[in-house]
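Have a look at the structure that comes next, please.
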Amino acid sequence: MTAIVFDIGNVLLRWDARLLLRQLLPDEVAVEAFVAEVDFDAWNLAQDAGRSWDDGVAALAAAHPRHAATAAAFHARWHETVPGPVPGSVEILDELARDGLPLYAITNYSAEKWAETLPRFPFLDRRFRDVVVSAHERVTKPDPRIYAILCDRNVLDPAACVFIDDSPKNVAGARDFGMDAVRFTSAPALAAALRERGLLA
C-alpha cells in the first residue's frame, strides 16, 4: 500500500510567525525589519534542528540586545503562531485514515513546541503510525537524512511514498530521495492530487 507522508506546518496546522510578531511590534515595517535584522528564518530553524528555545532566545539577545524582549515574548507566546488547522486538511487526513491507508509525518519542529502542540491538537497523536520530528533527530528538511530516517525506521520503500509539503525545497528534497511528492497549496488541490493517484475517493 502507498504510504502517505504529511508535513504538519501549513499543511495540517496553520503556522504564521507574523501573527504574533504583529502583536509584539508596532507596525508592519517594524515586523519586517526585525525579521531581516535577526535573520528570523535561520534563527527559528536552529530550534527546529534541536537547539533549545532558551538557548535560542539567549543567542538572539546576545547578538541583537535591543530585540531581547521580543525574542523572549515570542518564545513565551509561541502558541499564538498556530491558530488552528488548515481548512479542509484534517478532513482529508481523517478520510485517508478511515480508508486504512498508512499515514506518516515528517515535520520541522522544535522539541519543546512539538510537546506544546500535541495536547492542543490530539489528532497528531492518533492519526500517524510514526512522526519524524526534526529536533528529535537533529536534522531538518530537506536534508535527505530526514527522509531516510522515516523510511529506515518504518521499513518503507521511498518509491511507495507520497510526500506532501508546502515548501518547494522540501518537495524537491523528497523527490530527489525517490518519493512521489505533492506541493500543498490548498486542501481542494491536495484532494485532487490524491484522487489522481487513486488514494482518495
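The values are calculated or read from the model by the stated rules, or taken from the named source; none is laboratory data. Because the structure is a prediction, the values reported are computed rather than measured. Reconstructed Cβ throughout: ideal geometry from the backbone, glycine too, with neighbour counts over all protein chains shown.
So, in region 168-197, of the ones that are assigned to a loop (DSSP other than H, G, I, E, B) and buried (at least 18 other Cβ atoms within 10 Å of the Cβ), which residue ends up nearest to the chain's Cα centre (by Cα)?
Checking each candidate, the answer is Phe184.
Here's something else I'd like to know. Got a number for residues in region 44-57 being part of a helix (DSSP H, G or I), within 20 Å of the chain's Cα centre (by Cα) and either in contact (Cβ under 8 Å) with a residue 60 or more places away in the chain or farther than 14 Å from Ala135 by Cβ (or both)?
Residues in region 44-57 being part of a helix (DSSP H, G or I), within 20 Å of the chain's Cα centre (by Cα) and either in contact (Cβ under 8 Å) with a residue 60 or more places away in the chain or farther than 14 Å from Ala135 by Cβ (or both): 4 in total.
Another question, if that's okay. Do we find a residue being more than 17 Å from Trp15 (Cα to Cα) and either touching a strand residue (DSSP E or B) at 6+ places or on another chain (Cβ under 9 Å) or of a type in the set (D, E, K, R) (or both) anywhere in region 68-91?
Scanning region 68-91 turns up at least one residue that is more than 17 Å from Trp15 (Cα to Cα) and either touching a strand residue (DSSP E or B) at 6+ places or on another chain (Cβ under 9 Å) or of a type in the set (D, E, K, R) (or both).
Which is touching a Gly at 6+ places or on another chain (Cβ under 9 Å) and touching a residue at least 24 places away in the same chain (Cβ under 8 Å), of Val139, Val90?
Val139
Before we move on, is Ala33 more than 19 Å from Ser110 (Cβ to Cβ) and free of Cβ contacts under 8 Å to residues at least 12 places away in the same chain?
yes
Could I ask something else about it? Does at least one position in region 86-97 carry a residue that is at positive phi and assigned by TED's automatic domain parsing to the domain that holds Ala135?
Scanning region 86-97, I find at least one residue that is at positive phi and assigned by TED's automatic domain parsing to the domain that holds Ala135, so the answer is yes.
What is the residue count in region 148-167 for residues that are farther than 24 Å from Trp15 by Cβ and not in a helix (DSSP H, G or I)?
Qualifying residue count for the region: 3.
Now, a different point. How many residues does region 2-32 hold that are assigned to a loop (DSSP other than H, G, I, E, B), out of contact with any helix residue (DSSP H, G or I) (no Cβ under 8 Å at 6 or more places or on another chain) and closer than 21 Å to Val90 by Cα?
Result for region 2-32: 2.
Could you list, in sequence order, all residues of region 58-79 that are in a helix (DSSP H, G or I), in contact (Cβ under 8 Å) with a residue 24 or more places away in the chain and surrounded by 15 or more Cβ atoms within 10 Å (Cβ to Cβ)?
Answer for region 58-79, where residues must be in a helix (DSSP H, G or I), in contact (Cβ under 8 Å) with a residue 24 or more places away in the chain and surrounded by 15 or more Cβ atoms within 10 Å (Cβ to Cβ): His67, Thr70, Ala71, Ala73, Phe74, Trp78.
May I ask you to verify whether Val35 is in contact with a Leu (Cβ under 9 Å, 6 or more places away or on another chain) and assigned to a helix (DSSP H, G or I)?
In short, yes.
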